[in-house]
Structure formats: structure tokens, C-alpha cells
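The values are calculated or read from the model by the stated rules, or taken from the named source; none is laboratory data. Predicted, not measured: the structure shown is a model, and the values here were computed from it. Cβ sites come from the backbone with ideal geometry, for glycine too, and all protein chains shown count toward neighbours.
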């Protein structure tokens, strides 16, 4: 799988134009830092009416004998409502990309799946939204895109989950995100054979009970440890307890605890190279840590929501090889 780190800017209004220029060039996009505007409030959805479990009705029947009369009363199963929305930006051009919807999830897929998605240029975006405090989990089951011609990228409510992916290696998606997920699919005009079949498909589920801590960039290593179902865990710098290194990096970690809970973050180790390493911490509305640096342990942070985004940013450094700069914190659902 080949990844292009700024390919999908799904939150930008001019998505189609920007992605089209990148894809049609057939060149690796110039590296840029994506900037995102935080929503002023949590997105919520209205329950969508659909037949999840089709109603079954048994008509009353009467059996008459000389001595007794037996009546079987009608029974009805009421379908459960879908508590999320799955929509496609351009259904006329992209077709049915949300399917098999149930009360707890569904399937998203490329146009004309299981057939080939075609040779024409197109830009399609799927947006899944769930009630406030709920989370969306996505898992690819099929991933076969024409390399450097077709791409899929995903953003969550707080940050990018992965950038434009191409090829035929199933991408790893962080296990959970917040209550909004945007999936972008784009391809440029192709001269592939008419019998070629390129497509992708993924299942998703929606839950209010999840807990997770996940880094959005695998290059940052294992930044979450000791994560429990009770909403506790440890988050730390790359290669902890060793030095986090001298190369420039941006590492993002999303912490989520059950809906209705808050996150209490307590640093146990804090030793960043002053002016070269810093940590930001925020949710959709509030900034709790504003580029803190140096060696003074920050105060305990308690969020007002069940979600927190930590961003660790370090610049290229000439510090001695023997220097050890690192950080670690514990978090608890309260």
C-alpha cells in the first residue's frame, strides 16, 4: 500500500478541485501540514427510519372442535431505529455506497461494488454521523485500488485517521474514532483493461460503550499502553522510556472513554527539549495544553467531554546522542 500524506483534505470545502489536481498529476503530492477548523459543537443526528427487522405478523386463526375453541393472537416485531446517518455527497455519480444498514452499523463500498469502480474520473465522499458521545469503528474487508490512480482517505471528528491510500494492501484504521467519520474515494481517468476489477468495501459499527487510545500515525510507534475497558490507560512519547529522537515528527493520539464520562490526564514524566518539543491537548471546543514544553510537569487536566486529542510535535534537533527527552501520562475516566 502506498500512502500520500496530504491527499485527502476531506474537511475542506474545495475537496473535489484539490483532490482532482493531485490525482490527475500522477505525482507524489507536495508535503504540507493540514490545518483543521474545530466544530463549535458536537454533530448530532436524527434517528433514521428504516426497516431493520421487518415486522412479522401472524393473522389470527381459529380452530373449532366440538369441545374447545383455540385462538392464536397476532404477534408483531417492531424494527429498531437507525441512530446514525450514512450519506453520499454525490449519489447520482457515485451510486449506492452505504448499504446493509442495521440499528448498529452497515457497509460502505466503492461505486458498483462488487464490480469494478470504472475508468472515469470521480470524487465521492461518504459521511457517517452518530449521536454525541457515540463512536464509529471501521474495518476494511476488501481493498484493491489501481495504484496511484485510485485513493481512499479517512478523517474523523478530531483528526485524520489515515491519508490517501492506494494499491491492494488493506490499510489499518484506528479501532475507534468519535461520532463523525468522512471517507473520501477519488480516482482519475484510467486506461486499465475492461475486464479489470478494482474495488473496496468496509464494515462499520456504531457504539456508545467503547474505550480507546490510538495513535493516528504508525510511524510514531506504540504510544498507548495498559488500556483497559474501564477507561484507563497510559500514553507516552515514542520509544519511551528512551529518547523520542532528533527527527521532526507530529504524533497524534486520540483518547476516548465511555459517553457521559470525562478524561483526567496526569503527567508522571515530562522532559521535553525546550523550544524543540511540545504537547498540545484539546477536544472539539477547549484547549487544555497549549504547546507546553520544557521540564516542568503540567497541572492535571480534566476535560469536559469524553474525547481528547493529544499532539506531540518535535523539531529536528542537534542534541547529543546521550540526551534522553521523553514524557508519559496516565488517564482515567471520571
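Considering only the stretch 302-334, state which residues are farther than 28 Å from residue 284 by Cβ and assigned to a loop (DSSP other than H, G, I, E, B).
So in the stretch 302-334, the residues farther than 28 Å from residue 284 by Cβ come out as 316-326.
Within the stretch 302-334, 316, 317, 318, 319, 320, 321, 322, 323, 324, 325 qualify.
Within the stretch 302-328, how many residues are surrounded by fewer than 19 Cβ atoms within 10 Å (Cβ to Cβ), free of Cβ contacts under 8 Å to residues at least 60 places away in the same chain and touching a strand residue (DSSP E or B) at 6+ places or on another chain (Cβ under 8 Å)?
Looking only at that region, the number is 1.
Matching residues to (1) part of a loop (DSSP other than H, G, I, E, B); (2) free of Cβ contacts under 8 Å to residues at least 60 places away in the same chain; (3) under 23 Å from residue 211 (Cα atoms):
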{"position": "93", "(1), (2), (3)": "no, yes, no"}
{"position": "96", "(1), (2), (3)": "yes, yes, no"}
{"position": "106", "(1), (2), (3)": "no, no, yes"}
{"position": "124", "(1), (2), (3)": "no, no, no"}
{"position": "128", "(1), (2), (3)": "no, no, yes"}
{"position": "133", "(1), (2), (3)": "yes, no, yes"}
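Return the total of residues in the stretch 245-280 being out of contact with any helix residue (DSSP H, G or I) (no Cβ under 9 Å at 6 or more places or on another chain) and under 30 Å from residue 318 (Cβ atoms).
Initially, the stretch 245-280 is screened for residues out of contact with any helix residue (DSSP H, G or I) (no Cβ under 9 Å at 6 or more places or on another chain), giving 245-248, 254-280.
Narrowing the set further to residues that are under 30 Å from residue 318 (Cβ atoms) leaves 245-248, 267-280.
Number of matching residues: 18.
Conditions (1) under 24 Å from the mean Cα position of the chain (by Cα); (2) assigned to a strand (DSSP E or B); (3) closer than 13 Å to residue 311 by Cα; (4) touching a residue at least 12 places away in the same chain (Cβ under 8 Å), marked per residue:
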| position | (1), (2), (3), (4) |
| --- | --- |
| 241 | no, no, no, yes |
| 247 | no, no, no, yes |
| 253 | yes, yes, yes, yes |
| 259 | yes, no, no, yes |
| 266 | no, yes, no, yes |
| 279 | yes, yes, yes, yes |
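Closer than 23 Å to residue 309 by Cα and surrounded by fewer than 19 Cβ atoms within 10 Å (Cβ to Cβ) - does that describe any residue in the stretch 145-158?
no
Taking only the stretch 128-139 into account, find how many residues are buried (at least 18 other Cβ atoms within 10 Å of the Cβ) and modelled with pLDDT of 90 or more.
Of the residues in the stretch 128-139, 3 are buried (at least 18 other Cβ atoms within 10 Å of the Cβ) and modelled with pLDDT of 90 or more.
If residue 200 passes every condition in (1) closer than 13 Å to residue 137 by Cβ; (2) crowded, with 16+ Cβ neighbours inside 10 Å but one, which one does it miss?
(1)
Tally time: how many residues in the stretch 191-226 are farther than 29 Å from residue 249 by Cβ, in a loop (DSSP other than H, G, I, E, B) and in contact with a strand residue (DSSP E or B) (Cβ under 8 Å, 6 or more places away or on another chain)?
Restricting attention to the stretch 191-226, the residues satisfying the condition of being farther than 29 Å from residue 249 by Cβ are 191-201, 203-209.
From the residues that got through so far, the ones that are in a loop (DSSP other than H, G, I, E, B) too are 191-198, 208-209.
With the extra rule that they be in contact with a strand residue (DSSP E or B) (Cβ under 8 Å, 6 or more places away or on another chain), the set shrinks to 197-198, 208.
Of the residues in that region, 3 qualify.
(1) more than 21 Å from residue 174 (Cα to Cα); (2) in contact with a strand residue (DSSP E or B) (Cβ under 7 Å, 6 or more places away or on another chain); (3) at pLDDT below 95: which one isn't true of residue 257, the others all being true?
The number of the failed condition is (1).
Determine which member of the set 196, 172 is in contact with a helix residue (DSSP H, G or I) (Cβ under 8 Å, 6 or more places away or on another chain), assigned by TED's automatic domain parsing to the domain that holds residue 91 and at pLDDT below 95.
On the way: 196 fails: in contact with a helix residue (DSSP H, G or I) (Cβ under 8 Å, 6 or more places away or on another chain).
Only one candidate passes the filter, namely 172.
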